[in-house]
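Only one structure is covered here, and it is reproduced in the block below.
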Amino acid sequence: MTIINEDEVPEVAHPGRFMRWLVNEDSLKAKNLSVCVIRVMPGEAVRPAHSHPNSEELIYIITGSGKVMIENEVGPVRAGSAVLFEQGKVHILKNTGDVEMKVVCFFAPATNLDNYKIFEDVTFLE
């Protein structure tokens, strides 16, 4: 059976977030997607700005609120929001609320941190 609980997956700290890969080469092994859960603390942004050259990403906000920047366009997000980061589009997520933001990130086709394209010079536009 292919069932996993996020508590069973090690959490890894990355700039601006804590990440657990639920579906990847080390946990549930799906053929066509990968999934992670991230936690973003108040005032933090997922850094650095990045894109996914070989996949698209859909995020779903479980708790918290903030803003997302995609290709220099900024919009609000809150619990219940789904956001599509199209393949190759540079993006950043920021928690502008006063509680932890919890987000589920879906990637298709599957990806990992090695496949992120980093943009250190891009900062979040307020």
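The values are calculated or read from the model by the stated rules, or taken from the named source; none is laboratory data. These numbers were taken from a predicted model, which means no experiment stands behind them. Every residue, glycine as well, gets a Cβ built from its backbone with ideal geometry; the counts of neighbours run over all protein chains shown. For the accessible areas, the whole protein counts, side chains as well, though only heavy atoms, and no ligand, DNA or RNA atoms are used. Shrake-Rupley method; radii C 1.70, N 1.55, O 1.52, S 1.80 Å.
Of Lys89/Lys117; Lys29/Lys102; Lys94/Lys117, which ones are farther than 20 Å apart at the Cα? Can you show the working numbers first?
Numbers: Lys89/Lys117 10 Å; Lys29/Lys102 23 Å; Lys94/Lys117 18 Å.
Too far apart for the 20 Å limit: Lys29/Lys102.
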Between segment 99-126 and segment 8-78, the Cα center-to-center distance that results, in Å: 5
Gaussian network model of the chain, Cα within-10 Å springs - most flexible of Glu25, Glu73, Glu44: Glu73
Residue-span extension gain [Asp26 to Thr63] - 0.36 nm each, minus C-alpha spacing: 10.7 nm
Whole-number D in µm² s⁻¹ for segment 30-88, Kirkwood Cα-pair radius fed into Stokes-Einstein, 25 °C, 0.890 mPa s: 193
Dipole in debye (nearest 20) - segment 58-125, about Cα centre, beta carbon charges: Lys, Arg +1; Asp, Glu -1: 220
Most mobile of Ser34, Ser65, Ser81 in a GNM of the chain (Cα contacts under 10 Å): Ser81
Counted charge near Lys89, where neighbours are those whose Cβ lies closer than 15 Å (Asp, Glu -1; Lys, Arg +1): -4
Val99 accessible area, assembled protein chains, probe 1.4 Å, Å²: 80
List Arg20, Arg47, Arg78, ordered by accessible area with a 1.4 Å probe, largest first: Arg78, Arg47, Arg20
Debye equation applied to the C-alpha atoms of the chain, log10 I(q)/I(0) at 0.14, 0.19 Å⁻¹: -0.56, -1.06
Residue-normalised accessible area of the chain, given per residue in Å² at a 1.4 Å probe: 56
